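The structure under discussion appears below in the form of structure tokens.
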Amino acid sequence: MAWALKLPLTDEVIESGLVQDFDASLSGIGQELGAGAYSMSDVLALPIFKQEESNLPPDTENKILPFQYVLCAATSPAVKLHDETLTYLNQGQSYEIRMLDNRKIGELPEITGKMVKSIIRVVFHDRRLQYTEHQQLEGWRWNRPGDRILDLDIPMSVGIIDPRANPTQLNTVEFLWDPSKRTSVFIQVHCISTEFTMRKHGGEKGVPFRIQIDTFKENENGEYTEHLHSASCQVKVFKPKGADRKQKTDREKMEKRAPQEKEKYQPSYETTILTECSPWPEATYVNNSPSPGFNSTHNSFPVAEGVVRPRLTIYVCQESQQSREQQTKHENGDAAPNTFFVYHAIYLEELTAGELTEKIAQLFNISPRQINQIFKQGPTGIHVLVSDELIQNFQDEVCFVLDTMKDDTNDGYHIILK
């Protein structure tokens with residue numbers, strides 16, 4: 001659960017301010033924390049600061065975090081005590097994220113005097129949208145050509161070095177920074193939450209996003225691949241000034257509630273502290289080298305280590321004489337009411353013509369060697385040879401009817417995707 005402070009962020013003020021700000025919340029827990037006995041680990045260990053379903057390993061939940069990231073935007077007051085905080089942002093507005101060194105003396109000495117790399121990304125909060133992230137982002141790219149989901153406001157930022165925005169990853173930015181020096185990065189989110197709702201009739205609720213930061217140190221080869229820390233928070237993005245109106249509406253609703261009801265909700269804080277989370281799965285596979293160049297390969301879904309999800313799903317139906325007759329009747333409106341066509345799902349991971357050949361052969365219990373070529377029926381009925389590049393440009397969950405054509409030169413067949 002993300003939580004937030006509304007006080008200046010020096011170490012001494014944070015420590016003393018936390019005691020005052022959370023005194024009311026801690027009073028019923030059965031222990032009193034005086035300023036002398038207080039430590040941040042004690043607060044983070046309390047149940048009210050833990051998510052019910054933590055995605056962190058058990059041995060990491062109570063450790064002191066090496067870094068702390070503070071988003072300078074107020075949290076909503078309309079969030080119940082045991083729920084994760086929610087922060088409203090305005091589209092295109094620059095928001096500061098303070099990158100704080102939270103290490104104790106002698107902790108992580110290998111990064112003292114050295115740079116670390118942080119990757120900031122805007123991702124989906126809902127699991128349903130996480131599974132279809134690639135399609136969602138590609139759809140956004142199509143509707144907003146030339147725009148990015150996440151940008152750095154470099155002139156406003158302080159202490160960041162070598163900032164980069166990968167042109168093929170619209171929702172990701174990265175930079176180097178020295179933990180021993182003051183560092184603040186300003187970000188702009190250009191997508192709004194309602195752009196990803198399934199039905200757009202006006203007045204619908206927007207989907208929540210997550211702002212996640214993953215930080216890495218150098219390995220022996222000078223590449224930033226060794227994970228140090230990750231943290232995230234939940235946000236919703238509105239059209240310009242919409243976040244301010246939403247915050248005001250939430251505040252007015254809470255003011256109308258009875259005192260007993262108000263006790264069930266968190267207060268609004270002026271800043272949002274990102275809470276520790278597991279590293280973003282893709283971040284463990286990319287080469288975070290500071291050298292120029294980006295990995296521009298076809299994007300895959302975010303997956304946990306050891307779990308393989310398809311990068312592309314297509315649906316195919318084998319065409320026969322009977323299905324041709326039924327399809328003609330269907331187009332003429334003469335098909336029987338219970339007529340339907342059965343499609344099979346093919347899941348592609350490598351996005352190559354060879355892989356598609358093997359998957360089609362497995363589906364129809366034939367040898368891949370019996371399939372000589374695969375064609376896609378193009379405009380005016382032309383046959384376009386299916387190549388790796390063509391497959392990589394297929395839309396996800398596209399449907400094809402498979403027709404076969406005997407090869408006159410041997411015993412093989414040609415497959416035609418219609």
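The values are calculated or read from the model by the stated rules, or taken from the named source; none is laboratory data. If you're wondering where the values come from, they're calculated on a predicted model, not measured in any experiment. We place every Cβ from the backbone using ideal geometry, glycine too, and count neighbours over all the protein chains shown. Heavy atoms of the whole protein, side chains included, go into the accessibility calculation; ligands, DNA and RNA do not. Shrake-Rupley method; radii C 1.70, N 1.55, O 1.52, S 1.80 Å.
A few remarks follow.
- Where residue 185 falls short, out of the listed (1) among the hydrophobic types (A, V, I, L, M, F, W, C); (2) more than 22 Å from residue 277 (Cα to Cα); (3) not in a loop (DSSP other than H, G, I, E, B): (2)
- Residues that are touching a residue at least 24 places away in the same chain (Cβ under 8 Å) and open to solvent by 60 Å² or more (accessible area, probe 1.4 Å), drawn from the stretch 224-253: 227, 239, 240, 241, 244, 246, 251, 253
- Checked across the stretch 116-131, the condition of being of a type in the set (S, T, N, Q), over 20 Å from residue 395 (Cβ atoms), open to solvent by 50 Å² or more (accessible area, probe 1.4 Å) and assigned by the TED database to the domain that holds residue 222 holds for no residue.
- Check on residue 210, in contact (Cβ under 8 Å) with a residue 40 or more places away in the chain and basic (Lys, Arg): yes
- Matching residues in the stretch 140-170 - criterion: being aliphatic (A, V, I, L, M) and in a loop (DSSP other than H, G, I, E, B): 149, 154, 156, 165, 170
- Index of the failed condition, residue 246 passing every other in (1) farther than 29 Å from residue 118 by Cα; (2) in a loop (DSSP other than H, G, I, E, B): (2)
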